[in-house]
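Have a look at the structure below, then the notes.
The values are calculated or read from the model by the stated rules, or taken from the named source; none is laboratory data. Quick caveat: nothing in here was measured; it's all calculated off a predicted structure. Virtual Cβ from ideal backbone geometry, glycine too; neighbours counted across all protein chains shown.
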Amino acid sequence: MKLQSFLKKSYLPVVAFLMSVNVVAQENEAVFEEIIVTAEKRSESLQDISQAVTVLSGKDLDNRQISTFVDISAIAPGVNVAKNEGFKTVITIRGVGYETNQNAIATPSVSYHLDGIYVASPYALQTDFLDLERIEVLRGPQGTLFGQNSTGGAMNVVTQAPSTDGTYGSADLTLGDHGLTKLRAAINKPLNDKMAMRASFISNKRDGFTDNLTTGQDLDDADSISARVRVKYEPSEDFRANFTAQYFDEDRNGSAQKGLLDPTPDARELRQNSLTEHKLDAQLYSAVLEWDYETFSVKSLTSYQVDDILVRRDNDRNDLNYLPPFAQLPSEYDPETNKQTTVTQEINLVSSEPLFGKLDWVAGFFYLDTEIEISILERLDFGFDGVFDPFTVDDVYSYSGDFGFITNSKPERDSTSFYGQGTWNHSESLRTVFGLRYTKDEVNSAVTNFYGRSGTDILETDGNKVTGRFVIEKDLDDNTMLFGSYTRGYKPGGSNLTYGRENIIAPIVVLPTFNEEIVDAFEIGLKTDLADGRVRVNTAAFYYDYEGLQYQATDPEVFEGGVGNIPESEIYGAELELSAFLSDSMILEVRAAWLNTEITSDHLALDNVESDKATNALLGQGIGLFSNEVQVARASRIQNVKGNDLAKTPSFTGNLALNWNTDQSWGEMRGSLQYTYRGDFKHRVFNNSQTDIVTSYDVLDLVLGFYPSSTESWHVEVIAKNLTDEDGINARFTDVFGVGATGDELIGPRQLMVRLSMNF
């Protein structure tokens, strides 16, 4: 559906409704309840926070069938969630995302927190949502309270807390097409009058959506187990402790990455000559301790995290037998392993009474230590004969036979931050918020690259940065707040796994280390409740001055890719969140975002798609891969990216949801109809017309729930996801390490399900 059509069909009725809402309000009594969030380290009403925050409750998640981070894409305004390479979840908020996912030490731009604990590994974003109270999506840089790795925003996932009120629980079973079997269960158990335990579990299995006609594998399958145990201990009114152990295990065939050169006409079929495999073991252990004193509280958050991944995949995303000679260099990863171990410690102090009767304050300390072990074995078919010949390290050094990229790397990152934020209450209606954060970040990487480079390189980089926030809040009346803010966000630099070398043949594009990312964000916003609480409208407009954008770069030297920095970019846009009672039993929700992005400085970069075309053309003439002619040909494809769009930034996204309930003779029926639109975008900063344009899609979802009046212990739901069976592209990915292959991962096809839920 085109943007104009969406606007016509969605916004005009909304405007008409708002014009008449006062009349409706006189006839009905239902109003929106206050939503309490912890977006700024203390419990506050959503409508009192001077930043854009979308909150999805556990009930919302179930009603909308949101079970993973990918499902949030476009539902929260300005949020785009993609699966790069099929196993790396990438979140972009307001055009700020993670464009360096082929570098393990490069950090995300949207920070993920579980019950306030910072979760370091991007692989952890693949876990299923399990027994949640709510999700808070903070849009915009979080340079003070959340610090580095939140230049785009932050997501805080809040799980259900244990209670001493009694023993109770829930369980549900979902069955659907594609062989879906999903079992969820949760139980709350008091251990004594001061201690309680809550345990949760999910088993999720499903056949694949896509067939590999060459190997017979079904891809995009599901096979995972999630479990969590959380213990709460509250011996007094002044002290609380929460201990959490969480486990996620996934072992599946892997995601379908359909190559753009794949000849199969069906979107859900492909031909790849290599088997794929994806395994992930993710563990998190945390302790959150809280002490309440007369004028302030103290919270300590400690965590230990381990994420272990193994991937095998067809890296060229095609079957050689179905491609013209030298179309691209055949490649497979066999395997890639990545193990990330992280320790975090945070301490924050939060005022409970205003200092001097005017100042509410938050102060804290944060420490992170993360170690990564990377091993990659790539196999190449230099003979273009469809055979990946065995090879040894000696073959690599001598460039004989078939060989590929081999690396063993051990990057480490230490980060320490101190922060503080205060709110000065000038009057009952006027407040000033100000905050600062100091961050020191150090990276040490041992890189052993067997691709024509002997020995181990030790790469070190460090930096420190002061970021902050300044806000003016003005209450226009009891139900309306206007705010204007300035925020500086920061994402640290790091080291590359591969990089160009000094020579006289071609310029170096990829350096051993890359620089930090800085964003200066200006925002105005309005939050208001209208029609006696029956309509809620939150809106914001923003402008970003973006320096040092980190992106995945390619060097003229063959197979040397890494992270580069684009000096200057700009982003601006606007967002709307509207919720309205059409009647006491029907709620309309509108969420929409408009976005414009542009690279505003000169920057020379090498599009690896074009450079690899030049490489393969020379290989077809018998010219050696590591010859000077190849480097010169690749360097000739360097281009200026000034004026291009940033990556993964749809100009328009929107979501309409209609939720209702009706009384029947047998009980109650509840329904949720949801329409989601995600606009076109460019998947890389090169904006290559042949490979980078990702088309729009729209999706319709429906949930009908039946709640018999004869019992409150069980209910049944009929669920339809992607009702019109759209073949929308969730993500597009282009490999940088010498192959240049581009592949698409689609959204899920139409899925029909039935869920039986029980409470006990």
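Of all residues assigned to the stretch 241-253, none qualifies as being at positive phi, crowded, with 16+ Cβ neighbours inside 10 Å, not in a strand (DSSP E or B) and not basic (Lys, Arg).
Of the residues making up the stretch 293-315, just one is modelled with pLDDT of 95 or more and of a type in the set (Lys, Arg), namely LYS299. Listed by first and then second residue, the pairs linking a residue in the stretch 247-262 that is closer than 26 Å to VAL694 by Cβ and without any contact (Cβ under 8 Å) to a residue 60 or more places away in the chain to a residue that is surrounded by 22 or more Cβ atoms within 10 Å (Cβ to Cβ) and of a type outside the set (Asp, Glu), with Cβ atoms under 7 Å apart and 6 or more places separating them unless they lie on different chains, are ARG252/HIS278; ASN253/LEU219; ASN253/THR276.
A single member of ALA196, ALA227 is closer than 30 Å to LEU756 by Cβ and surrounded by 22 or more Cβ atoms within 10 Å (Cβ to Cβ), and it is ALA196. Can ASP735 be described as within 30 Å of ASN688 (Cα to Cα), acidic (Asp, Glu) and modelled with pLDDT under 95? Answer is yes for this residue. Of all positions in the stretch 461-478, at least one carries a residue that is within 30 Å of VAL535 (Cα to Cα), out of contact with any strand residue (DSSP E or B) (no Cβ under 7 Å at 6 or more places or on another chain), without any contact (Cβ under 8 Å) to a residue 40 or more places away in the chain and charged (D, E, K, R). Going residue by residue through the stretch 548-562, is there one that turns out to be part of a strand (DSSP E or B) and more than 30 Å from ARG379 (Cα to Cα)? Checking the stretch 548-562: at least one residue is part of a strand (DSSP E or B) and more than 30 Å from ARG379 (Cα to Cα).
Within the stretch 326-344, the only residue that satisfies the criterion of being modelled with pLDDT of 95 or more and either surrounded by fewer than 16 Cβ atoms within 10 Å (Cβ to Cβ) or not in a strand (DSSP E or B) (or both) is VAL343. Is it the case, given these coordinates, that THR164 is surrounded by 15 or more Cβ atoms within 10 Å (Cβ to Cβ) and closer than 30 Å to SER43 by Cα? Answer is yes for this residue. When SER651 is tested against (1) small (Gly, Ala, Ser); (2) closer than 15 Å to PHE559 by Cα; (3) in contact (Cβ under 8 Å) with a residue 24 or more places away in the chain, only condition (2) is not met. Residues that are of a type in the set (S, T, N, Q) and either within 30 Å of VAL447 (Cβ to Cβ) or in contact (Cβ under 8 Å) with a residue 60 or more places away in the chain (or both) within the stretch 344-381 comprise THR344, GLN345, ASN348, SER352, THR370, SER375, listed in sequence order.
State whether the residues of the stretch 701-718 include one that is within 23 Å of LYS83 (Cα to Cα), of a type in the set (Val, Ile, Thr) and either assigned to a strand (DSSP E or B) or modelled with pLDDT of 95 or more (or both). Within the stretch 701-718, none of the residues are within 23 Å of LYS83 (Cα to Cα), of a type in the set (Val, Ile, Thr) and either assigned to a strand (DSSP E or B) or modelled with pLDDT of 95 or more (or both). Quick check on my filter: what residues within the stretch 126-150 are assigned to a loop (DSSP other than H, G, I, E, B), at pLDDT below 90 and buried (at least 21 other Cβ atoms within 10 Å of the Cβ)? Listed by number, the residues that qualify are THR127, GLN142, GLY143, THR144, LEU145, PHE146, GLY147, GLN148, ASN149, SER150.
Applying the set (1) farther than 29 Å from THR448 by Cα; (2) part of a strand (DSSP E or B); (3) in contact with a His (Cβ under 7 Å, 6 or more places away or on another chain) to LEU578 leaves exactly one unmet item: (3).
The residue that is modelled with the highest pLDDT, among those in the stretch 374-407 that are assigned to a strand (DSSP E or B) and crowded, with 17+ Cβ neighbours inside 10 Å, is ILE374. Here LEU604 clears all of (1) under 30 Å from ASP680 (Cα atoms); (2) surrounded by 16 or more Cβ atoms within 10 Å (Cβ to Cβ); (3) among the hydrophobic types (A, V, I, L, M, F, W, C) except the condition numbered (2). Residues of the stretch 345-360 that are under 30 Å from ASP462 (Cβ atoms) and either surrounded by fewer than 16 Cβ atoms within 10 Å (Cβ to Cβ) or touching a Ser or Thr at 6+ places or on another chain (Cβ under 8 Å) (or both): GLN345, GLU346, ILE347, LEU349. Of all the listed residues (THR100, THR151, THR164), the sole one being touching a Ser or Thr at 6+ places or on another chain (Cβ under 8 Å) and of a type in the set (Ser, Thr, Tyr) is THR151. Determine whether the stretch 631-644 contains at least one residue that is of a type in the set (A, V, I, L, M), crowded, with 19+ Cβ neighbours inside 10 Å, outside any loop (DSSP other than H, G, I, E, B) and free of Cβ contacts under 8 Å to residues at least 40 places away in the same chain. Yes, some residue in the stretch 631-644 is of a type in the set (A, V, I, L, M), crowded, with 19+ Cβ neighbours inside 10 Å, outside any loop (DSSP other than H, G, I, E, B) and free of Cβ contacts under 8 Å to residues at least 40 places away in the same chain. Looking across the stretch 676-690, the residues that are touching a residue at least 40 places away in the same chain (Cβ under 8 Å) and either of a type in the set (A, V, I, L, M) or surrounded by 15 or more Cβ atoms within 10 Å (Cβ to Cβ) (or both) come down to THR676, TYR677, ARG678, GLY679, PHE681, HIS683, ARG684, VAL685, PHE686, ASN687, ASN688. Filter the stretch 509-525 down to residues that are under 23 Å from the mean Cα position of the chain (by Cα), assigned to a strand (DSSP E or B) and not aromatic (Phe, Trp, Tyr) and give me whichever is farthest from VAL443 (Cα to Cα). Once the filter is applied, the top-ranked residue is GLU523.
Every residue, every condition in (1) within 20 Å of PRO108 (Cβ to Cβ); (2) touching a helix residue (DSSP H, G or I) at 6+ places or on another chain (Cβ under 6 Å); (3) of a type in the set (Gly, Ala, Ser), yes or no:
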{"position": "PRO556", "(1), (2), (3)": "no, yes, no"}
{"position": "ASN565", "(1), (2), (3)": "yes, no, no"}
{"position": "TYR572", "(1), (2), (3)": "no, no, no"}
{"position": "PHE581", "(1), (2), (3)": "no, no, no"}
{"position": "ALA592", "(1), (2), (3)": "no, no, yes"}
{"position": "THR600", "(1), (2), (3)": "no, no, no"}
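When we screen LEU673, LEU756 for residues that are hydrophobic (A, V, I, L, M, F, W, C), surrounded by 15 or more Cβ atoms within 10 Å (Cβ to Cβ) and more than 23 Å from TYR98 (Cβ to Cβ), the only hit is LEU673. If you filter the stretch 645-669 down to residues that are in a loop (DSSP other than H, G, I, E, B) and among the small types (Gly, Ala, Ser), you find that the one that is farthest from the chain's Cα centre (by Cα) is SER665. Against the definition (modelled with pLDDT of 85 or more and assigned to a loop (DSSP other than H, G, I, E, B)), how does ALA30 come out, yes or no? It is false that ALA30 is modelled with pLDDT of 85 or more and assigned to a loop (DSSP other than H, G, I, E, B). Residues being at pLDDT 90 or above, surrounded by fewer than 19 Cβ atoms within 10 Å (Cβ to Cβ) and over 30 Å from ILE508 (Cβ atoms) are represented in the stretch 543-566 by at least one member. Tallying residues that are outside any loop (DSSP other than H, G, I, E, B) and either closer than 30 Å to LEU377 by Cα or not acidic (Asp, Glu) (or both) within the stretch 473-508 yields 16.
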